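The values are calculated or read from the model by the stated rules, or taken from the named source; none is laboratory data. Computed from a prediction, not measured in an experiment: that's the story for all the values here. Virtual Cβ from ideal backbone geometry, glycine too; neighbours counted across all protein chains shown. Just the protein is used for accessible areas: all its heavy atoms, side chains included, with ligands, DNA and RNA removed. Shrake-Rupley method; radii C 1.70, N 1.55, O 1.52, S 1.80 Å.
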Amino acid sequence: MDNWDEIRTAFQVARKGTVSGAAEQLGVHHATVIRHIDALEQRLGVKLFQRHARGYTATEAGQDLLQVAQATDDQFTQLAGRIKGQGEGVSGDLVITSLGMASRMLTPILVDFQAEYPGIRVRYRTGDRLFRLEYGEAHVAIRAGRMPDEPDNVVQPFLEQQMGLVASEAYIARHGLPKDEEDLKNHVFVTHDDDNSRAPFSRWLRDMVAEDRFVYRATENRNMQDAILAGAGIGFVPVQDLKNHPGLTEVVPRHEDWAAPLWIVTHVDLHRTTKVQTFLRFLKDRIKTLDC
C-alpha cells in the first residue's frame, strides 16, 4: 500500500488529538505529520480533520478512514503476538483464554508455570468472547461444549468439568431443600443470562423447571456463583469449587450428563513451538492431580 505511512499518521493524529502527540508516538518530526495529513487529504479529495486551537478532530470522512486504520492496526498487533510466540525459548507473553468458570482450576497452574519459567509473562483472558487464535489473540484456549471445529486449529480433549446443583445456607434457611428432582419446580434458580447456552447442565435445568423459576440471571460464571452464595437461588457450580465453599449443599445427586467437556485448542502455526509445548506438558501433568 503506497500511502500506508500517511494512513498510519492520520490514525495517530486521531488517537492523540495533536500533531505533536502523533509525531512523538511515530518518532518523526511534526512537519512530517503535517505533510502526511495534507498529502492524504489531497489524494482523497476530502478533509479528514477539523483544525482548532486545541488540536485536530476527525471529520465524518476521517472517522470512516480511521475505522479501517484501527482494524488494520489491530491485526498487525495480533500478528506480532503470533510471531513473538514462534520463538524457541520459554519466555515472553503466554496468552491463555478460557471461560471464567475454569479460572479457579487454571489460575494456580498458571502461577506455578510462571514461577518455574520466570521469563514468562502470563496473560489470562476470560469471558464468553471467542478469542481468535488465527489472529494471535491467544496461544492456548480452553473451550467448553462441543468439539471446536475452526480450521487450522489443533484440538485435544482436556477433561470433563463435573458440575453440582447447589444451594447456600441462606437459601436453605428461607426455602428449605428440594425433596427430590420433581420438587425442583417449586424452587427458584440462578442461571446464565443467555437462554441459548449449550452447556449440558443448563439445558437439563431448562427442561426441568419453568421459565419463571429463573429469578436471577448473570452473564459471568463468577457473578452467578456470587449470587448462589448470597442465597438468590439454586444453581450449578464446578464440583472442584465445592471444597472452597463448605456452606454450599448439593440439592440432588449429580448427573454424569451434566459434565461440560473441555478442550485444549491451539493454532497449528504455534502448536509445535517450544513455549506452547512446554506449557501443554505442564498443564496436562498438573491436571492429573486435580479432582474435577
| Applying the selection to region 69-122, what residues are hydroxyl-bearing (Ser, Thr, Tyr) and either touching a strand residue (DSSP E or B) at 6+ places or on another chain (Cβ under 7 Å) or at pLDDT 75 or above (or both)? | 91, 97, 98, 103, 107, 117
| request: Say whether the condition of being at pLDDT below 90 and open to solvent by less than 20 Å² (accessible area, probe 1.4 Å) is met by at least one residue in region 157-172. | output: yes
| request: Evaluate the following for residue 278: is it under 23 Å from residue 107 (Cα atoms) and open to solvent by less than 70 Å² (accessible area, probe 1.4 Å)? | output: yes
| said: Against the conditions (1) charged (D, E, K, R); (2) assigned to a helix (DSSP H, G or I); (3) out of contact with any helix residue (DSSP H, G or I) (no Cβ under 9 Å at 6 or more places or on another chain), where does residue 8 fall short? Just the number, please. | reply: (3)
| field | So residue 229, is it assigned to a helix (DSSP H, G or I), at pLDDT 95 or above and open to solvent by 20 Å² or more (accessible area, probe 1.4 Å) | value | yes
| query | Which number in (1) in contact (Cβ under 8 Å) with a residue 12 or more places away in the chain; (2) surrounded by fewer than 16 Cβ atoms within 10 Å (Cβ to Cβ); (3) farther than 23 Å from residue 259 by Cβ marks the one condition that residue 183 misses? | reply | (1)
| task | Considering every residue within region 170-187, establish whether at least one is in a strand (DSSP E or B) and small (Gly, Ala, Ser). | result | no
| Hey, residue 125 within 18 Å of the chain's Cα centre (by Cα) and in a loop (DSSP other than H, G, I, E, B) or not | no
| task | Would you point out the residue of region 35-60, among those that are open to solvent by less than 90 Å² (accessible area, probe 1.4 Å) and assigned to a strand (DSSP E or B), that is farthest from residue 9 (Cα to Cα)? | result | 52
